[in-house]
Structures are given as C-alpha cells and as structure tokens.
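> Got a structure for you, questions after.
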Amino acid sequence: MEDLSKENKYLRAKERVDRLKKFYTNLTSYVLVISALALINYATNEWRYMWFLWAAFGWGIGILFHAIGTFDLNPFFGKGWEERKIKELMRDDDELKRWE
C-alpha cells in the first residue's frame with residue numbers, strides 16, 4: 001500500500017515538474033521573441049509605431065492564462081477546490097451507502 005502511495009506522489013510530482021517546465025519554456029520563448037521583435041521594430045522605424053506591442057499583448061494574455069493554470073492561481077476552480085469537492089462527493093457517497 002505504501003509503495004502505491006509513493007508511486008502516486010512521484011507521478012503527481014513528475015506531472016507538476018512537467019507543467020512548470022512547459023511554462024518556463026513558454027516564458028523564455030516569449031521574452032526572446034518579443035525582445036527580437038522590439039529590436040526589429042526599433043531598427044525599422046525607431047519607435048514611431050511600436051507594432052511589436054500587439055504581439056507582446058496577445059502572447060502575454062496566453063502567458064497569463066498559462067501561469068494561472070500552472071501555479072494554481074484560479075480562485076474559483078483551483079486544485080484546492082477540486083480536492084474539497086472530491087472529498088465532499090466521497091462523503092456524500094458514503095452517507096448514501098449507509099442508508100441502503
């Protein structure tokens with residue numbers, strides 16, 4: 001039984017590390033690409049029209065949602081909510097079985 005629990009913890013930790021790795025890879029790509037676009041923008045028109053901000057804004061929204069999912073920042077349906085709901089449903093199921 002303990003081996004199953006340790007394996008389960010390991011799998012959850014591995015999944016968490018994978019999600020963190022994907023987020024940081026995405027963030028690094030964002031910084032590098034937006035920086036390159038900013039340099040191109042400056043080289044072509046010296047900030048007369050900062051078109052690179054459109055790309056930064058669009059991709060930035062994606063980064064924000066990725067961070068919310070990765071770091072469990074959703075106040076409504078985060079991991080804490082999931083755990084509480086699972087326990088509540090398991091409790092309700094146990095109570096129903098007692099009445100049968």
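The values are calculated or read from the model by the stated rules, or taken from the named source; none is laboratory data. Just so you know, these numbers come straight off a predicted model, no measurement behind them. Neighbour counts are summed over all protein chains in view; Cβ atoms, including those assigned to glycine, are modelled from backbone coordinates with ideal geometry.
> When region 62-78 is examined, which residues are found to be surrounded by 10 or more Cβ atoms within 10 Å (Cβ to Cβ) and not aromatic (Phe, Trp, Tyr)?
Answer for region 62-78, where residues must be surrounded by 10 or more Cβ atoms within 10 Å (Cβ to Cβ) and not aromatic (Phe, Trp, Tyr): Gly62, Ile63, Leu64, His66, Ala67, Ile68, Gly69, Thr70, Asp72, Leu73, Asn74, Gly78.
> Additional query: Taking Lys97 as the residue in question, decide whether it is charged (D, E, K, R), out of contact with any helix residue (DSSP H, G or I) (no Cβ under 9 Å at 6 or more places or on another chain) and surrounded by 11 or more Cβ atoms within 10 Å (Cβ to Cβ).
On the way: charged (D, E, K, R): yes; out of contact with any helix residue (DSSP H, G or I) (no Cβ under 9 Å at 6 or more places or on another chain): yes; surrounded by 11 or more Cβ atoms within 10 Å (Cβ to Cβ): no.
So Lys97 does not fit the description; no.
> I've got another one for you. Are any of the residues in region 45-52 under 21 Å from Lys22 (Cα atoms), out of contact with any Asp or Glu (no Cβ under 8 Å at 6 or more places or on another chain) and surrounded by 13 or more Cβ atoms within 10 Å (Cβ to Cβ)? Let's see the steps before the verdict.
Step one: list which residues in region 45-52 are under 21 Å from Lys22 (Cα atoms), which gives none.
The answer is no, given that none of the residues of region 45-52 is under 21 Å from Lys22 (Cα atoms), out of contact with any Asp or Glu (no Cβ under 8 Å at 6 or more places or on another chain) and surrounded by 13 or more Cβ atoms within 10 Å (Cβ to Cβ).
> Please work out which residue is modelled with the lowest pLDDT, limiting yourself to region 1-48 and to residues that are over 17 Å from the mean Cα position of the chain (by Cα) and of a type in the set (D, E, K, R).
Filtering region 1-48 for residues that are over 17 Å from the mean Cα position of the chain (by Cα) and of a type in the set (D, E, K, R), the one modelled with the lowest pLDDT comes out as Glu2.
> What helices (runs of 4 or more DSSP H), lying completely within the chain, carry at least 3 residues that are among the basic types (Lys, Arg) and free of Cβ contacts under 8 Å to residues at least 24 places away in the same chain? Give the steps one after another, and end with the answer.
Details: elements: 2-45, 52-70, 79-99.
Result: 2-45, 79-99.
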